[in-house]
Structures are given as C-alpha cells and as structure tokens.
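To keep things clear, I will list the structure first and then write my remarks on it.
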C-alpha cells in the first residue's frame, strides 16, 4: 500500500423525504460553508441522501498532525454503492502525530476500512467517538501520554482484539469500548481512578436513564481477563454487562464505588422534574453468566443496584466490612450462590425503588442460601430494613464451616 498524503475532507449528511424538494441536515460534524456542486445523492427506500462538502484541509494545515494512508488514490467520494450506502474515504491506516496534541471528536468515526491506528507520544486525549464504528480496526498503538479516552471513542470496533492503555491514563469515559466483541483482555493502570463515572450528582439525569452514561466494556463478549490495579476508586454502571466469558473479578483495595449508587434518579429535562426507578439494565456485571469468582476487598463502600444481577455461576460472595450501602437487586438471580458472608457490624443500608417490591431486594432468587454475619450483629441484621426479610437465612459467622 502506497504511503500517500491527500487532502482531508469533512462532509455533512442531508436527508430528503419528499423526492429532493427539501433537505434536512443529519450527523453534522463541523461548521462550514456548503458547496452544493460537490454533493452526492443516493436513493434508498424513497429517502434520498446527500453528502455536502463542508470543509477541507490543505496539506499545509494538517500534514504535520494527521497522516492518512489510502488504499486507492486520493479517496475522494464520487458515488454510492448498489445498496445506497455512502462510500466515504477508503482510509486503511491513520497516524496521529505529536503536534496534534489531541485526537478530535469524530476524527475517524465510521471509517469502515480503517485497520490500523498509531497515536504518537505527546497526544494527551482521544476525543469522543474518535474511532467509533470502525468495524475493521484491529490494531491500535496508543502513546504513553494519553490521559483521557473519550466517550464511545472505540465503540463498536468489533475487530479490536487487544489494546494497551497508557500508564498516565486517568479517565475512561462512558461506552469507550462498548461492543468491542473481539477484545479478550484489558489492564486498567493505577493512575486511572474512574471508569465511566458520571461527574456531579449521579442521581440527576438530564436526558434519560443513567445506563446511557456508562457501559465502558459492555458487550465485550470475548473479554475473559480484566486486571484492575491499585488506584481505581470508581467503576461506573454497566461497565462489564454481558461480558459472557468473564470468569473472575478482583476489586483493588482502593475501589470505593461499584456501580450506580442510587435506586431512583431525577429526570430534569422537563418543566416538572420527576423521579424514576432505576431499571434492571443498569448493574455492573449483568448477564455475566460465566462469572464464578468475585473478590471484593476491604475499602469498598457502595455496591450499586443490580451489580451482579444474573451471574448464575457465582457460588459465594463476601461483603467487606467497609460496605455501608447496597442497592436494589445487587445479587438478584445469582441462583448458584451457596452462601453469603456479610462482614459489616452495622447492616449496610439497602436502597430500593419500592421497599414493598420483593424482586428489588438484594438476594432475590439466590437459592435460599445462608447469610453469615458477625455474631454480635445477628439481631441487628434480623431487625434492619430489608435484611429482616431474610431473617431465617441470617446466621452467626462463627457457625460458618466452608
């Protein structure tokens, strides 16, 4: 493949539902003047699409920052394929050089032919959806200076099988690697304190349920190895949902919050803010049916709602003595649980959307397994809110015989 740099074009997509009489913009990426003479039309199912060139960069502007390797000439768009799918530039490889400082939002989004990416040392952040929906992307070389990986930055890169994260990495934002179905392992460096966390008051949502804001590795169906180094403090909601091949999880001692720590949230995008109940789709390990070993270390304070819902291979769980709050259905449908050990001397408060809703309790459908608690706290657990529903299952820890 020839190493050839070409002009870089930005396009805006328009749609017409009345045979081309009127057009409305879709998927706007960048502001700029419209050049109608360079438009391309495609018709699909009575809907016409037009892509209009809205900006272009000369070599002198971007050559030092971004280098593109094309598989066929200059990659200029001239037509649509037989199914009406727009053919964007046929870029196979991208190199982001140091002087760029950051990888912009939507930088290479939906470049279906992109296979390799090199991000050189000096780049500090990868923008939102920078490489999202690059279905052929299999190799990513990330520099050791990256501190932030943006939202959906590698989302739906289904061929991405491995990635090495920078030791300087501090934040991995929501859905960064969602549905990377070929990803098999990941190691979170010690400088990273938050994975997919909602800053501010996580109970106040402006545009929908909190699950929309998380899911960093959700749907990575081949992910089997996760290493979390000391330093990590918060794992956001849906982080590992439906990672069906994940077999074990060990939390570092620095971890304080595991999942979404609320049973309800406020929707504020209307004139009358309303409370909504958190759904079972939140969690952290929802649907991880192969997860059989979980270690929650001392230091953990919050186990979020639905955290381990449906982990049908999980055989035991020990709740650290530092846990103060647990939320609805956190171990619901863990049908293979043989026992639970809860070490806090003061029963953790359990938040539910509706305290009268049996299915919202933390140990619903857990095979009536015994719950062992500190001897001096047996009566406190039996009389505590929600815990009292498991009175017959609560036993003194001194009677536990593994």
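The values are calculated or read from the model by the stated rules, or taken from the named source; none is laboratory data. Just so we're clear, the structure is a prediction, and the values are computed from it rather than from any experiment. We place every Cβ from the backbone using ideal geometry, glycine too, and count neighbours over all the protein chains shown.
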If we ask which residues in the stretch 99-125 are touching a helix residue (DSSP H, G or I) at 6+ places or on another chain (Cβ under 8 Å) and within 19 Å of residue 135 (Cβ to Cβ), their number turns out to be 0
Restricted to the stretch 143-163 and to residues being modelled with pLDDT under 90 and touching a strand residue (DSSP E or B) at 6+ places or on another chain (Cβ under 8 Å), the residue nearest to residue 224 (Cα to Cα) is 162
From the option list 226, 294, single residue qualifying as in a strand (DSSP E or B) and modelled with pLDDT of 95 or more is 294
Determine whether residue 360 is in contact (Cβ under 8 Å) with a residue 60 or more places away in the chain and in contact with a strand residue (DSSP E or B) (Cβ under 9 Å, 6 or more places away or on another chain).
-> yes
*On the given criteria, is residue 139 over 22 Å from the mean Cα position of the chain (by Cα) and modelled with pLDDT under 85?*
no
Checklist entry - Can you spot a residue in the stretch 216-226 that is surrounded by fewer than 20 Cβ atoms within 10 Å (Cβ to Cβ), in contact with a strand residue (DSSP E or B) (Cβ under 6 Å, 6 or more places away or on another chain) and within 22 Å of residue 366 (Cβ to Cβ)? => result no
Just one listed residue, out of 208, 200, 236, is over 17 Å from the mean Cα position of the chain (by Cα) and either farther than 21 Å from residue 349 by Cα or at pLDDT 70 or above (or both), and it is 200
Within the stretch 229-250, the residues that are surrounded by fewer than 19 Cβ atoms within 10 Å (Cβ to Cβ) and in a loop (DSSP other than H, G, I, E, B) are 229, 230, 231, 233, 244, 245, 247
